[in-house]
Amino acid sequence: MPTDSEKKLITLAFCDIVDDFRQKFIPKEPDRKYNYVIDIFSKWHRNFFYLCERFKSEHPDRIADEFDSPFVRLEYLDKDSFTFSYLRHTGSWHIVDQRISSNECKDLILSNPNFQPLPIA
C-alpha cells in the first residue's frame with residue numbers, strides 16, 4: 001500500500017496528462033442530447049490509481065445527473081512499480097503490462113488511444 005506522500009508524488013506525476021486531456025477531450029459546446037464529459041481527473045482507491053472521466057446527463061430519463069467512468073487503472077505494487085490496466089468496452093479491466101514504472105505507464109497512455117478518453121465528436 002502506498003504511503004500518503006507516495007500517493008501525492010504519483011498524482012503530481014500525472015497532472016500534466018490530466019490537464020492535457022481536459023483541454024483535448026472536454027467539449028466547449030457539448031451536444032446536450034447525449035452524455036458528455038465535464039471533467040477528467042485522477043483518484044486513489046486503496047492501492048489503485050485511476051484516471052477517470054466525469055459525465056453529465058441532461059436526458060429526461062437519466063438515472064443520474066453526473067457519473068464517473070474510469071479508463072485507466074494503475075495498481076501500486078512497490079515504489080515506482082505498477083500493473084497497468086485499461087477498462088474495456090465490456091466493463092472489465094484488461095491488464096496490459098506488469099511491474100512497469102510510472103514513466104512507462106505515462107508513455108503507454110500517451111501512445112495508445114485505447115488508454116485515453118474518447119475524442120470529441
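The table for this structure:
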read-out: Selected residue (only one of S92, S81, S42 is at pLDDT 95 or above, farther than 18 Å from N112 by Cα, out of contact with any strand residue (DSSP E or B) (no Cβ under 8 Å at 6 or more places or on another chain) and among the polar types (S, T, N, Q)); value: S92
read-out: Segment 40-78, subset of a type in the set (D, E, K, R) and surrounded by 16 or more Cβ atoms within 10 Å (Cβ to Cβ), residue farthest from R99 (Cα to Cα); value: K56
read-out: Residue in segment 82-103 that is farthest from the chain's Cα centre (by Cα), counting only those that are farther than 20 Å from K24 by Cβ and surrounded by 14 or more Cβ atoms within 10 Å (Cβ to Cβ); value: I100
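The values are calculated or read from the model by the stated rules, or taken from the named source; none is laboratory data. This structure is a prediction, so every number in the text was calculated from the model and none was measured. Virtual Cβ from ideal backbone geometry, glycine too; neighbours counted across all protein chains shown.
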